[in-house]
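Trainee: Encoded as structure tokens, here's the structure I'll be asking about.
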Amino acid sequence: MRRYWDRFKFHSLFIKIFIVMLISIIAVAIASSWTTVRMSEKLFMNTFSITNTKVISQIKASFESFHYSIVTATNNTQLSGTIKSFLTEEDSNSLRVLRTYYNMTTQMKKIQSTLDSYQVGIKIMGKNGRSYSTNTNNLLMSDQELQQHELTKNTLAEPKRLMYQFYEESSKDSPQKEAVIVASKALMERTTGDIYGTLYFTIHEQDFRPFYASFVSTGNDVAILNRDGVIVSSNRSDLMGQQAEDLLRFAKEIEEKQLDYKNVDFRGTDSILIADYLSSYDFYIVNLIDKKTALGQMVNGKMVVLICSAIVIVALIVVFLIFRRLTRSLTLLTRQMSKITQRGFHNYITVTGSFEFQELGHAYNYMLDELNDYVEKLVETQKEQRNAELAALQHQINPHFLYNTLASVNFLVQQGSQEKAVHTIHALISMLQNALSNVSESITVAQELENLKSYVFINHVRYGERIRVNFFISPDCMDYHLPKLIIQPFIENAFFHAFTKKSGGYIHILISQDAGSLLCEVVDNGDGMDTGEADLSMSGPASKRQLFTGIGIKNVHDRLVLMYGEEYGITIKSVPGEGTAIRIRLPLIPGQK
């Protein structure tokens, strides 16, 4: 009995494979027709939905790129003293008016250049009744009509928001209405909050469509819906401008339940719907895939059954003939391999025995060689990826810092303060010498202090000294190192966002040692915000608050986590009406990294 049991164990693999294959033939003979078709359809749809989800992401990236250009142009407009003067000053002599219009034209050409990649028209209206347009083909209504239009009313209702709206206009030459997407923003005085004008960016729907036109095909359509369910753009002309509450409902359901896709019946067509939310626009991207068109003609069920049965039978015969010969060698190989599974990747097996065993042995040893090479390459790739991420983060921070500093220099030049401009440029040069370097470099606290004083000097020159800045640096911290441009973004946010309601106040910069760490604090007595205490690595109120949506702050936290670990980073504590305290915790680094 023992001898038969050992023989059974020796052939157990072959017997199991044979039984499994026999059961498979029976299962396929009964259910393959229905199962194969359904599984093929499900697999195809899942694959198709994944592919189209990536397409949606690419479309979304195109929209975000356009939105970034609009935001840049809006910021340039709000920072322009020429435009503000044009929209607020009263008419005087004709020579002054001509000069004002000339300066306005020059300034608007610079702003328009940021949108040269898009067919966008710009229109500005001021509280003094003046207006300026870069393209007369957009917003054909008169200034008085525009002033009373819903586009303007909605914009003034939410003056701090860059709003995208849908509008249909008709020209005298063509009675047919043409769809236009309008991005609008109220121009506000930074300190008082008074509105002195309205800014409009207009793009025709036919120029809006190229953002996604290359990703559509027959049976694969895209529609852009606003919050009211109106289709503001689509590759299908029959859907343009229509109310599609069902699509809006489906899109919200996908967003709320975080679904990959949803099977829907849209106007009598069995379709797959994929959707994503464009937060910058308050629009939804909806991708509709016609199942019938996508799948084409399904394979005949009987043919599927015959083909599957034939394949299984042939496979069973081949398995019976081949595995009966290979089972013994494979069993021996398995026993030898099982002895080295816990000994690492450098324990190669001895290649002996039959031809099949030798081939498997060679393949296994070759696999170990490839695996060792792969592990080495993976480790190196991860190191390179880490360095690339650090570089990308600092490259995001540097342009943000340069933009605000150069805005200050530009303001001085416009005011004609040559001496102050020279001092400011020297301060900027000093800061750039320390900023433009390798991402792994660091500077001492003393050097960072000099950079911060230069930055504060630039802002005091431009905005006056209504915001006082005090430095409290512990002497025993002066020689410790910290990454560049760590503290500056927080002082920048305090300058530009913490005192929108209060007329003035103070900012304290404190650097000291705390529990074996270097603690850097930026404290102000500004407006504050209702955030409690939160870490910027979490998606909480502190990270979503408008006061902290700049590029610099979030990237500083990410940069610290990447460089030093999760125990270091940034926390924010703020109380409305009392101010905000930001803490940056760093390791004590006595020398250059």
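The values are calculated or read from the model by the stated rules, or taken from the named source; none is laboratory data. Keep in mind the model is a prediction, meaning the values are calculated, not measured. Cβ coordinates were reconstructed from backbone atoms using ideal geometry, including for glycine residues, and neighbour counts include every protein chain displayed. Note: areas computed on protein heavy atoms with side chains; ligands, DNA, RNA excluded. Shrake-Rupley method; radii C 1.70, N 1.55, O 1.52, S 1.80 Å.
Trainee: Under a 1.4 angstrom probe, counting protein chains only, how are Tyr374, Tyr101 ranked by accessible area, largest first?
Mentor: Accessible-area ranking of Tyr374, Tyr101, largest first: Tyr374, Tyr101.
Trainee: In nm, to one decimal, how far is the modelled label at Phe472 from the one at Gln414, with both set 7 Å along Cα→Cβ?
Mentor: Here the answer is 3.7 nm between the modelled labels.
Trainee: Ordering Cys477, Cys308 by accessible area with a probe of 1.4 Å, largest first, what comes out?
Mentor: Correct descending sequence by accessible area is Cys308, Cys477.
Trainee: Enter the accessible area of Val20 (Å², nearest 10), with the probe set to 1.4 Å and all protein chains included.
Mentor: The value for Val20 is about 80 Å².
Trainee: Quick one: accessible surface of Met39, probe radius 1.4 Å, all protein chains present, in square angstrom to the nearest 10.
Mentor: Met39 exposes around 130 Å² with every protein chain in place.
Trainee: Turning to a different aspect of this structure: Mind listing the long-range amide H neighbours of Ile467? Cut-off is under 5 Å, sequence gap 5 or more, other chains count too, H placed in the peptide plane at 1.01 Å from N.
Mentor: Under 5 Å from the amide H of Ile467 lie the amide H atoms of Gly505, each far enough along the sequence or on another chain.
Trainee: Assigning unit charges at the beta carbon (Lys, Arg +1; Asp, Glu -1) and nothing else, what dipole magnitude in debye, to the nearest 20, does the stretch 456-503 show about its Cα centre?
Mentor: Dipole size: approximately 380 debye.
Trainee: Let me ask you something else. Return the subset of Lys153/Lys257; Lys110/Lys554; Lys484/Lys554 for which the Cα-Cα distance in this structure is over 26 Å, preserving the input order.
Mentor: Distance filter (> 26 Å) returns Lys153/Lys257; Lys110/Lys554.
Trainee: While we're looking at this one, here's another question. Roughly how many Å² of Lys573 are accessible to a 1.4 Å probe, to the nearest 10?
Mentor: Around 120 Å² of this residue is reachable by solvent.
Trainee: Would you pull out the residues with amide H under 5 Å of Ala244's amide H, same chain only if 5 or more places away, H placed 1.01 Å from N?
Mentor: The list, which skips near neighbours in sequence, is Val230, Ile231.
Trainee: Using θ = phi - 60° and the Karplus form 6.51 cos²θ - 1.76 cosθ + 1.60, what ³J(HN,Hα) does each residue of the stretch 556-570 get, whole Hz, x for Gly and Pro?
Mentor: 4, 4, 4, 5, 5, 4, 5, 7, 10, x, 5, 6, 10, x, 10
Trainee: Can you sort Glu90, Glu168 by solvent-accessible area, 1.4 Å probe, largest first?
Mentor: Most to least solvent-accessible, the answer reads Glu90, Glu168.
Trainee: Sticking with this one: How long is the gain from Ile15 to Glu380 if the chain were fully straight, where each residue apart is worth 0.36 nm and the alpha carbon distance is subtracted?
Mentor: 126.8 nm
Trainee: Now a separate question. Given a 1.4 Å probe, how much area per residue of the stretch 219-292 is accessible, in Å²?
Mentor: Per residue, the stretch 219-292 has 43 Å² of solvent-accessible surface.
Trainee: Can you give the FRET efficiency to the nearest 0.05 for Ser170 and Gln58, using r as the Cβ-Cβ distance and R₀ = 35 Å?
Mentor: According to the calculation, E is roughly 0.55.
Trainee: Express the Stokes-Einstein translational diffusion coefficient of the stretch 132-237 in µm² s⁻¹, to the nearest whole number, given a Kirkwood radius over alpha-carbon pairs, 4 °C and a viscosity of 1.567 mPa s.
Mentor: 84
Trainee: Taking the alpha-carbon distance from Lys453 and a cut-off under 14 Å, which aspartates and glutamates remain once sequence neighbours fewer than 8 residues away in the same chain are dropped?
Mentor: Cα-Cα hits under 14 Å: Glu465, Glu492.
Trainee: Counting only protein heavy atoms and a 1.4 Å probe, tell me what percentage of the stretch 175-233's accessible area is made up of carbon and sulfur.
Mentor: Looking at the stretch 175-233 in its full context, I get 47 percent from C and S.
Trainee: Compactness ratio of the stretch 59-170: Cα Rg over 2.2 N^0.38 Å, N = residue count?
Mentor: 1.13
Trainee: Follow-up. Percent of accessible area on the stretch 83-140 owned by carbon and sulfur, 1.4 Å probe?
Mentor: Of the solvent-accessible surface of the stretch 83-140, carbon and sulfur hold 46 percent.
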